[in-house]
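First comes the structure, then the notes that go with it.
The values are calculated or read from the model by the stated rules, or taken from the named source; none is laboratory data. This one's a predicted model, so the numbers in the text were calculated from it and none came from an experiment. Backbone-built Cβ (ideal geometry, glycine too); neighbour counts: all protein chains shown.
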Amino acid sequence: MISDARVLQQTTEPAESAAAPSWLSRYGRPLLGVLLPLTLALGWEFLVWRGWSNGRLVPPPSRVFATIVDLARSGELVRHIAATLWRVGLGFAFGVVAGTLLGAISGYWSLARRLLDPTVQALRAIPSLAWVPLFILWLGIFETSKIALIAVGVFFPVYLGVMGAILIVDRKIVEVGRTFRLSGPAMIRRILLPAVLPAYVVSLRVGLGLGWMFVVAAELIGASEGLGYLLLDGQQLGKPAQILAAIVIFAILGKLTDGLIEIAAAPFLRWQDAFGRTTGA
Amino acid sequence: MLALDRVSKTYPNGVQALARFSAEIRQGEIVAIIGGSGCGKSTLLRAIAGLDRASSGTVTLDNEAIAAPHAKIGIIFQEPRLLPWLSVADNIGFGLADGPATERREKVARALERVGLAEKAQAWPRELSGGQAQRVAIARALVPQPEVLLLDEPFSALDAFTRRDLQDHLLDLWADTRPTLILVTHDVDEAVVLADRVLVMRPRPGRLFDQIEINLGRPRDRNAPLFENFKRSVLTSLDRSLDRNVPDRDATQGPGQAMWW
């Protein structure tokens, strides 16, 4: 017991000094990342303002911002964002449900894995955009084909993530469950689910990223509303500010939705003994 | 009483790990199993735990055949194997899922107190030292009050000081309910400190070679001359089990041989 107490003292000391970081390292580090894009944006703004460039093909930030404000005022922006969010949300939901179910079956049951996995892997090797003509033929040019395309994009990372996570669950911890005679469902709920959760969250985030990628593809193919439509419209009418505005909004929405997953998962992952925690990243 | 009757285990690749191992272990007895690597001592323990089935022969606890993990049999592994997503308290209560919540909480609190980790109740396993984690594992196995507790080299990953602490602590806990302890170990010192009886196994295929009763009172003084005598006879038996020449007893026992691998 004495040796334990000594070890404890040694480990708490450095933790205390790290718990009170200087003001600069707390707020300065994130600011450092903003420095480069901010300088470039302000520099470009300055060049256009001085008249050294007309900024026609690369509009300065003020003009992009003005475009966003105009779109917002007319109510257009909300309509486009809502359409895109709806597609991503629905496609993501379908992709996650299918990926989770099939991934869990393949991971848990080796016969299903032998049966199912080679086909899924073969399908995964097809570039997903190659499905577009087929989906349009099958499902029409409207919402269904778009949502199907997004769901396909989300499905594969989620499927792989769930299956892989189940396969690498530590046999030793499963054995603990066995020694306490857990039933099948209890084993899944008390051992397997918490064990796969960290990898599952990562696969959801990767899946969501692909969902955002595929919604652009889907909306470029043919849509009358949505952020992807704004992109295409901006290209056809020669409005680069509108294209940049749509890109900026994509970036913001992608980051926000990713953050939502992170925040929702955080309370369940506090136990993790991870590299990221110790470096304060 | 735990009875092992001609327990044998042959793995699918044809290796015979255990051949006709028979022994009877009284309720409340502490038995240490020691032997060279590959002598099947872990295989034997896993068969008693019901984790792996024996190829032939039977394990019976109070006339009940053991073929799967049993509520009266607990096991502690070499690693603590705590569930990293549960707090220390929830880890200790892991085997109590069936009882009413208040009773469970009380039992966990008592166990935490008993292993001296009450202030760590809400800590995560990653925040524990190796010795603390193994104490949690011991508490987790003891809380459901098993009649038989199996220990598979439970202290071999710990430093010498912590190992001694935990050996004493284990005996202290054992005195509460006096379960049968079956301990697999590499450490002759550990076997003689803890056990009423040491079973020496012989490898390829694993079988019982020798039994040595440790007729010492408790608590045991690790430095007593009698203690040294028992250690020496276990070491000699081990050497014989591996067909090594046993040199003149008195000339060769240096301190470095206390740990036998």
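Counting residues in region B:142-160 that are within 16 Å of the chain's Cα centre (by Cα), assigned to a helix (DSSP H, G or I) and crowded, with 21+ Cβ neighbours inside 10 Å gives one or more. Within region B:168-215, the set of residues being part of a helix (DSSP H, G or I) and of a type in the set (S, T, Y) comprises just one member, B:T177.
Comparison of A:F155, A:F142 shows that the only residue that is farther than 27 Å from A:G184 by Cβ and of a type outside the set (A, V, I, L, M) is A:F142.
For B:I138, the criteria (1) within 30 Å of B:D62 (Cα to Cα); (2) under 14 Å from the mean Cα position of the chain (by Cα); (3) within 11 Å of another protein chain (Cβ to nearest Cβ) hold in every case but one, which is (3).
Only residues that are part of a strand (DSSP E or B) and either surrounded by fewer than 17 Cβ atoms within 10 Å (Cβ to Cβ) or under 13 Å from the mean Cα position of the chain (by Cα) (or both): list them for region B:25-72, please. So that I can check it myself, show each step before the final result.
First pass over region B:25-72, keeping only residues part of a strand (DSSP E or B): B:25, B:30-35, B:56-61, B:64-65.
Selection gives B:I30, B:V31, B:A32, B:I33, B:I34, B:S56, B:T58, B:T60, B:E64, B:A65.
Scanning region A:163-175 turns up no residue that is crowded, with 20+ Cβ neighbours inside 10 Å, farther than 23 Å from A:R205 by Cβ and within 14 Å of chain B (Cβ to nearest Cβ). Scan region B:74-111 for residues that are closer than 14 Å to B:V143 by Cβ, within 8 Å of chain A (Cβ to nearest Cβ) and not in a helix (DSSP H, G or I) and the total you get is 4.
A:F180 fulfils the conditions (1) without any contact (Cβ under 8 Å) to a residue 12 or more places away in the chain; (2) away from chain B (no Cβ under 14 Å) except for a single criterion, (2). Return yes or no: is B:I75 of a type outside the set (F, W, Y), buried (at least 22 other Cβ atoms within 10 Å of the Cβ), modelled with pLDDT of 90 or more and in contact with a Ser or Thr (Cβ under 8 Å, 6 or more places away or on another chain)? So B:I75 passes the test. Under 30 Å from A:P267 (Cβ atoms) and within 11 Å of another protein chain (Cβ to nearest Cβ): is that true of B:E119 in this structure? Criteria met by B:E119.
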